[in-house]
Amino acid sequence: MKLFGPTFLTLLSAALIAAAAVYAGSGSESPARAAAGSAAVIPLKEAKLNIEHNATDEDTGFQGYVDSEGWRRLDARGPGGQVLTFEARGTLAKLGLTELFFESVEPANADVPIDEVLAKLPEGNYTIAGPAQENGKSLGHTSGTAWLTHDIPAGPKLVSPEEGAIVPVRGVVARWKPVSETITGEPVTIIAYQLIIEKDVAPDPHMIGKLGLSIYVPQAVTSIAVPDGFLEPRTAYKWEVLAIERSGNQTLSSGSFRTR
């Protein structure tokens, strides 16, 4: 899992799912979906379904993200049929939900081979749709399409700081090698890298997120100067770089260092 983005988003999804019942594998057509046949369709702002592979820990799983004007239930369907249903219940159901991030369990590749994980969600387009809801008012139907491929980038090779290095608090540059292949050795189109640096501490019990740095850069960029003043003396940090290919699948490599 990512250090900063997933920490933030996983906490966000936990807050949302506290008010939502999540059902997997239901293949039946819901009455609300059938009733929405002729209602207006409001496009989802974002609908994404990706694979995240951890090259350091050697585990693999799925991630999804939705943003909308408001929804009460969302059904995710793909080439293999029903994938998931998210349904809001309780007081927040009437208000409606907007954003949703979810992650699957990421089993170790030694326990569950990657091919077995990928077989759960075939390549193709996935429709994410359901009844729209905002502030207690039904808005018809909301829908979007997420594109999933099985192209998984190789992990970026971290160059500096070296694993376990002790570095100054100023003048530190994070560097990594560019990625040009998938984990199976085929050519891959990288569209961006993400650099994450975080203090190696437990998360705050109330604040969503952790103290850290997270930045997305174009694929031509393979080094970033850490802003002076960001690193604290005598502090342990974790850092990682994610290589992101054109369909959104991403692979991370991680390391650690300390400051003087």
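Observations on the structure shown:
- Exclusive hit being hydroxyl-bearing (Ser, Thr, Tyr) and over 28 Å from LEU252 (Cα atoms), set SER160, SER138, SER104, SER180: SER138
- Scanning the stretch 216-242 for residues that are within 20 Å of the chain's Cα centre (by Cα) and within 11 Å of LEU195 (Cβ to Cβ) gives TYR216, VAL217, TRP239, GLU240, VAL241, LEU242.
- Any hit, the stretch 236-244, residues being more than 21 Å from ALA55 (Cα to Cα) and surrounded by fewer than 19 Cβ atoms within 10 Å (Cβ to Cβ): yes
- All strands (runs of 3 or more DSSP E) inside the stretch 57-101 with 3 or more residues being exposed (fewer than 15 other Cβ atoms within 10 Å of the Cβ) and hydroxyl-bearing (Ser, Thr, Tyr): none
Listed here are the residues, each with its yes/no results for (1) free of Cβ contacts under 8 Å to residues at least 60 places away in the same chain; (2) closer than 30 Å to PRO113 by Cβ.
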site: ALA174; (1), (2): no, no
site: SER180; (1), (2): yes, yes
site: GLU186; (1), (2): yes, yes
site: ILE191; (1), (2): yes, yes
site: ILE196; (1), (2): no, yes
site: VAL201; (1), (2): yes, no
site: MET207; (1), (2): yes, no
site: GLY212; (1), (2): no, no
site: VAL221; (1), (2): yes, no
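- Filter pass, ALA165 being within 30 Å of ARG260 (Cβ to Cβ) and loosely packed, with under 15 Cβ neighbours inside 10 Å: yes
- Filter pass, LYS120 being among the charged types (D, E, K, R), surrounded by 14 or more Cβ atoms within 10 Å (Cβ to Cβ), under 25 Å from the mean Cα position of the chain (by Cα) and modelled with pLDDT of 95 or more: no
- The stretch 64-76, subset of a type outside the set (D, E, K, R) and touching a Phe, Trp or Tyr at 6+ places or on another chain (Cβ under 7 Å), residue nearest to LEU100 (Cα to Cα): TYR65
The values are calculated or read from the model by the stated rules, or taken from the named source; none is laboratory data. Bear in mind the structure is a predicted one, so any value in this text is a computation, not a measurement. As a convention, Cβ positions derive from the backbone with ideal geometry for all residues, glycine included, and neighbour counts pool all protein chains shown.
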